[in-house]
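**Q** Right, I'll just put the structure down here and ask away after.
The values are calculated or read from the model by the stated rules, or taken from the named source; none is laboratory data. Being a predicted model, the structure only gives us computed values, none of them experimental. So basically every Cβ, Gly included, is an ideal-geometry build from the backbone, and we count neighbours across all protein chains shown. Areas reflect the complete protein model, heavy atoms only, side chains present, ligands, DNA and RNA absent. Shrake-Rupley method; radii C 1.70, N 1.55, O 1.52, S 1.80 Å.
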2 protein chains.
Amino acid sequence: MSNSKPTESELEILQILWEHGPVPVRFVHEILATQKAVGYTTTLKLMQIMAEKGLVNRDTTNRTHIYVAAISEEQTQQQLLDKFVEGTFRGSAMKLVMQALGNNTASKEELDQIKALIQKIENEE
Amino acid sequence: MSNSKPTESELEILQILWEHGPVPVRFVHEILATQKAVGYTTTLKLMQIMAEKGLVNRDTTNRTHIYVAAISEEQTQQQLLDKFVEGTFRGSAMKLVMQALGNNTASKEELDQIKALIQKIENEE
DNA sequence: TTGGATATACGAAAGTCTTCGTATATATTT
DNA sequence: AAATATATACGAAGACTTTCGTATATCCAA
């Protein structure tokens, strides 16, 4: 389990790796390039650094290296969420939830999901 | 309204300013120093930079300058929240809510609050 | 009134992140 | 086989953040 927190750019790359599984640098870069102007070697360098940090693994058997995320999306989200709640909402996850709920259009299905989750939490006590 | 996003260190200082209103650098520093090892001039410099950026305002009438946050806590939280949801949860605020709810001990009162909020949202449609 | 404590200003070093040019090796195409 | 395309490696510049030492001014107490 990696402990290092991904930077913003690294997170963008992780998102792509999480969604598309093991892929070459070129693949990641082409998606990234649709989101922002960036050179190929920039993407490459970032991914090399991520490999050093242990954020990704790579298969260097062939000339074209294949990269895959080394940390799970859920684990990373939870880790970043904890830090974010601490830093921005002074540790109050509920304050965050209230703000997120209040300022975003939630569909009926999503609200039902949340109600169900609350139900479940209440029953567990 | 300031547009620049506070860095992590700047956010720590803003937290203190939000909680304690207009205070001198020394005051901020002493709270900060309980949280991490940091020199006085470091805190001072940061707050000076924040003044330049427009994140804080200061009264320089007297020798001891008095600082106050120039951006509201709510506005900043919302701004950071939006960015965070986008970057970490690919724009799905509901996914974030679910994860925050699922992994933190919420009191009965807090859950009631959330239920009330959901109720309110449902009635508005 | 003089020495010590405390204030801001300033500059610059150190760390991190991001970016990309260039070198070199390997594959592919003509 | 030669020219072209494409891959990784490497180094380093530029931007931003964080840190603190030093200079200078002001206040306060003995």
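**Q** Let me check I've understood the local charge: for residue B:18, count other residues with C-beta under 10 angstrom from its C-beta, Lys and Arg +1, Asp and Glu -1. What total comes out?
**A** Working: positive: A:90; negative: B:19, B:73, B:74.
So the environment of residue B:18 carries a net charge of -2.
**Q** Also: Over 20 Å, how big is the tail of the calculated P(r) for chain A, in percent of all Cα pairs? Walk me through the numbers before you get to the answer.
**A** Working: 4433 of 7750 pairs.
Summing the P(r) of chain A above 20 Å gives 57 percent of all pairs.
**Q** Another question, then. Quick one: accessible surface of residue A:20, probe radius 1.4 Å, all protein chains present, in square angstrom to the nearest 10.
**A** 70 Å²
**Q** How far is helix B:40-53 tilted, in degrees, relative to the longest principal axis of the Cα atoms in chain B, given as a value from 0 to 90 rounded to the nearest 10?
**A** 70 degrees
**Q** Along Cα→Cβ at 7 Å, what distances in nm separate the residue A:74 label point from those on the other copies, shortest first?
**A** 3.6
**Q** Given the whole protein assembly as supplied and a 1.4 Å probe, what does the accessible area of residue A:112 come to in Å², nearest 10?
**A** Roughly 60 Å² of residue A:112 is accessible to a 1.4 Å probe.
**Q** Further question: Return the long-range amide H neighbours of residue A:70 (sequence gap of 5 or more, or a different chain), with a cut-off of under 5 Å between placed amide H atoms.
**A** Close amide H contacts, sequence-distant or interchain: A:56, A:57.
**Q** Out of the stretch B:54-121, which trypsin sites (Lys or Arg not before Pro) are coil in DSSP terms and have no more than 14 other C-beta atoms within 10 Å?
**A** Working: sites: B:58, B:63, B:83, B:90, B:95, B:108, B:115, B:120; in loops: B:63, B:90.
For trypsin sites (Lys or Arg not before Pro) across the stretch B:54-121 that sit outside H, G, I, E and B with at most 14 neighbouring Cβ atoms in 10 Å, the list reads B:63, B:90.
**Q** Which pairs, out of A:83/B:108; A:5/A:115; A:5/B:45, put more than 30 Å between their alpha-carbon atoms? Please report the intermediate quantities before stating the final value.
**A** Numbers: A:83/B:108 24 Å; A:5/A:115 32 Å; A:5/B:45 26 Å.
A:5/A:115, as the Cα separations exceed 30 Å there.
**Q** From largest accessible area down, sort B:28, A:68; use a 1.4 Å probe on the protein chains. Spell out each step's value before the answer.
**A** Working: B:28 0, A:68 55 Å².
Result, largest first: A:68, B:28.
**Q** So what does log10 I(q)/I(0) come out to for the stretch A:8-69 at q = 0.12, 0.23, 0.28, 0.30 Å⁻¹, using the Debye formula with one equal point on every Cα and no solvent?
**A** -0.23, -0.91, -1.38, -1.58
**Q** Against the longest alpha carbon principal axis of chain B, how many degrees, from 0 to 90 and to the nearest 10, is the axis of helix B:73-88 turned?
**A** 60 degrees
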